[in-house]
Every structure is written in C-alpha cells, then in structure tokens.
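The numbers here are math on the coordinates, done by the rules we state, and not lab data. A quick note: this is a predicted structure, and the numbers were derived from the prediction, not measured. Virtual Cβ from ideal backbone geometry, glycine too; neighbours counted across all protein chains shown.
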C-alpha cells in the first residue's frame, strides 16, 4: 500500500480542478500532495503500469483510467478480450 | 419469521451492462441467465432484497474504511459509475436497523452507512434483477479489495447472522438474498483480462454441492494469488450460502475475457428456491 500515492489518486479523482492544476504546475502540485514528481507525472499521463509498480491501489488505478478515458486492459498490454488464461 | 424466497450468486462487473453486445451469443447467454432470475424475482414478489457485495473505494474512503458495513436509513443512491445507470432505491430501513442492532448485540462489529451510495457492485445486479428499482434493499458491504481482508469464516458468520435476523423478522416477510462479485479476475493490474477457469470451476463445484467448508477453508492470500485481486469477492457468495445453505444451481458460467472476469449466475441453496 502506498498511502501517499493513493491519496494523490483520490485527490485527482475527487478534488475539482486538481487534475487541471497538476497538469499546469506539476512540480507545485507534487509538493502540495507530498509525492515525488514522478508519481504525479505517471498519474496525469495515465501510466497505469508505473502506478501499479509504485503500489497504487488497483481500484484507484481503474478509477483514474475511467476518468482519463483509458482502456485499462489495453494500457496494461493485454489486448482487450485476449487475456491469458492460467 | 421471515422467509428466504430465493438466494442468488452473481458477478457484478459493470461490463456486463456497459459492454453487452446482443449479437454475441456468449453475451446473450449471460443476459438470458439474468433474465431468468429477473422473471423469478418478479413472480416471487420479495418484500426485501439483501445485497451482499463489495466496496470499490467509491462508497468509502481511507479516512474510514469498514471491513463490513450495513446501509441504514431510507434511501440508497446508485452512483451511476461504470456505465450503470444512476438511481434512487428505497432502503428497507426496519430490516437494516434490525440487522445492525442484532449484529452488534451479538458481538458483530458492523459499521453503518446512512442513506448510502452504491456503486456498480450493487447496481449491476439490481439493474439486471430488478430494473424497476422499486423493492426495498439492504446493502451489505464486505471488504474484498483492500488488505488486510477478514478471513472467509467471518463472511460465513455474517451469513449466519443474516439467517438469525430473518428468523426474527415479521411473519412471512419475503426476503431475497443476493451475493455479488467474483469470480476470478485481476483488476487494475497487468494481469487484467486473465481468468483462472480451474479456480472458478472448483468454486462453482462447491456452490453446486452447497459445500461451505471448502470455501471457508480458502485463504484470502491464496485466492488473490491464484485467481486475482478481484476474486476475494467470492466471500459475498459465501455469506449468502451460509445464510441459506444447501446445494446450488449454476445457471451459467462464462470465462469472459473481454469483461475481464469469470462470469457466473447461480441459485444458492436452490433446494429451497423455486
């Protein structure tokens, strides 16, 4: 669990204007959120793999994907409808 | 004494609704199974629908995150997430209040949420089983997503609590139980889209046999490792199975990779079902 990153994701999802503000002034927003700039960059760019590797909550990653209009299966590399079956 | 008129176990991904393509035969199979239960619900006319499902960080936040929670008050609000329509639904306040009071009185530390907000975990099954949204609902959340998770035996105990409350309800109150979630699926991870058919088959065989012990013996960590971080939602089925024991009947199972989930629709404790 990465509480700081999850808190950032929740702010991006719920706090009106925070996503836009983060895009305009990423360094200031990262400092405000108390996370490395790389976390913020991964979030606003929809880098789901990086967010996963940094310990972001999977459900918040899914919600971010929805907010950014990203197909999570496609972004994670599994072609939609073609996931492996263990 | 209330009576359980039926008990169901169903998957709850919003993709069942959002990605439904009627021209696809497998999609139709899933929707036909739901349609069968929808007709059954209409004919059974339950007074209350108890839906046991999971939290997805939509109803609650990290400032206070319950392991188990019952919705109380007068109204539920469907959030409209995931492509499932928003809605207002009546909440069965008397039943919910009794579940909360009896549970806490029995040492069961239920949290509560007043006039709760429901995401697709509840709204997908309700939309598919009772689209009129006119029957009073009792939402019950179990944490299946955010570690640490309660052990599965606790989910079974919650089911027994439900049964005890139903036994104390007014004469002939008709209760429909729905356990929603699972089966195998990976959510928000690089494995998303994978399905473990072997795990799902083993689980559904336990459902068919009414085999609570096999499911209770499962460990959350093993379930997560074998069947994905969404698979611990099978605890919601377990709760309903414990509330209404007996052999189950699986209406359909489809490993739906494009919906990223092993999809199942089942009657639980079907010996007592119509």
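Please report, in cubic angstrom per residue, the volume enclosed by the convex hull of the alpha-carbon atoms of chain B.
111 Å³
From other protein chains only, count the Cβ atoms within 10 Å of every residue's Cβ in B:53-66, then give the mean.
The mean count of partner-chain Cβ atoms within 10 Å per residue comes to 2.
Out of every Cα-Cα pair in the stretch B:127-186, what percent are more than 17 Å apart?
55 percent
To check you understand DSSP bridge types, tell me what percent of the beta bridges within the protein assembly as shown (both residues inside) are antiparallel, rounded to 5.
DSSP beta bridges in the protein assembly as shown are roughly 40 percent antiparallel.
In the stretch B:103-235, how does Rg compare with the Kirkwood Rh, expressed as the Rg/Rh ratio over alpha carbon atoms? Kindly include the intermediate steps, with their values, before the conclusion.
Working: Rg = 16.0 Å, Rh = 16.6 Å.
My calculation of the ratio gives 0.97.
Would you kindly calculate the mean projected area, averaged across all directions, of the convex hull enclosing the Cα atoms of the protein assembly as shown, in square nanometres?
The orientation-averaged projected area of the Cα hull of the protein assembly as shown comes to 16.6 nm².
With a 10 Å Cβ neighbour count serving as the proxy for reagent exposure, in which order, fewest first, do A:73, B:15, B:192 appear? Please report the intermediate quantities before stating the final value.
Values: A:73 22, B:15 19, B:192 30.
Neighbour counts put them in this order, fewest first: B:15, A:73, B:192.
Provide the three semi-axes, in whole Å and in decreasing order, of the ellipsoid equivalent to the stretch B:26-130 as defined by the square roots of 5 times the Cα gyration tensor eigenvalues. Each step should come with its number before you reach the end.
Details: eigenvalues 132, 62, 30 Å².
Its equivalent ellipsoid spans semi-axes of 26, 18, 12 Å.
Build a GNM of chain A with springs between Cα atoms under 10 Å: which of A:33, A:24, A:50 gets the top mean-square fluctuation?
With Cα springs under 10 Å in chain A, the top fluctuation among A:33, A:24, A:50 is at A:24.
I need B:233, B:101 ordered by Cβ neighbour count within 10 Å, fewest first.
B:101, B:233
Please work out the Cα center distance from the stretch A:8-63 to the stretch B:233-270, rounded to the nearest Å.
Their Cα centres are 36 Å away from one another.
Considering only B:91, B:177, B:251, give the residue with the highest GNM mean-square fluctuation for chain B, with springs between Cα atoms whenever their separation is below 10 Å.
So, out of B:91, B:177, B:251, the one fluctuating most is B:251.
What does the helix-only formula give at 222 nm for the protein assembly as shown: each DSSP H stretch with n ≥ 4 adding -39500 (n - 2.57), the total divided by the residues, and the result rounded to the nearest 500 deg cm²/dmol?
-12500 deg cm²/dmol, from helical runs alone.
Where is the GNM fluctuation largest for chain B (alpha-carbon springs, 10 angstrom cutoff): B:49, B:223, B:234?
B:223
Per-residue Cβ counts within 10 Å, from other chains only, averaged over B:226-239: what number is that?
Average per residue, whole number: 1.
Quick one: work out Rg over Rh on the C-alpha atoms of chain A, Rh as Kirkwood radius.
Checking Rg against Rh, the ratio lands at 1.00.
Distances longer than 20 Å among the Cα atoms of the stretch B:166-274: what percent of all pairs is that?
Numbers: 2294 of 5886 pairs.
Of all Cα-Cα distances in the stretch B:166-274, 39 percent exceed 20 Å.
Exposure proxy check: B:8, B:253 ranked by fewest other beta carbons within 10 Å?
B:253, B:8
Mind jotting down a quarter of the surface of the convex hull over the alpha carbons of the stretch B:8-79, in square nanometres, one decimal?
6.6 nm²
How shielded is B:192-204 by partner chains, expressed as the average number of their Cβ atoms within 10 Å of its Cβ atoms?
Going residue by residue through B:192-204 and averaging, the value is 3.
Based on DSSP, what percent of beta bridges with both residues in chain B are antiparallel, to the nearest 5? Don't skip to the answer; put the middle values down first.
Details: 18 of 43 bridges.
DSSP beta bridges in chain B are roughly 40 percent antiparallel.
Distance in nm between label sites at residue B:20 and residue A:14, each 7 Å beyond Cα in the beta-carbon direction?
3.1 nm
How large are Rg and Dmax for the stretch B:87-177 when calculated on the C-alpha trace, in angstrom?
Final numbers for Rg and Dmax: 13.8, 40 Å.
Run the simple label-point estimate for residue B:115 and residue B:45 please: 7 Å along Cα→C-beta, distance reported in nm.
In this crude label model, residue B:115 to residue B:45 measures out at 3.1 nm.
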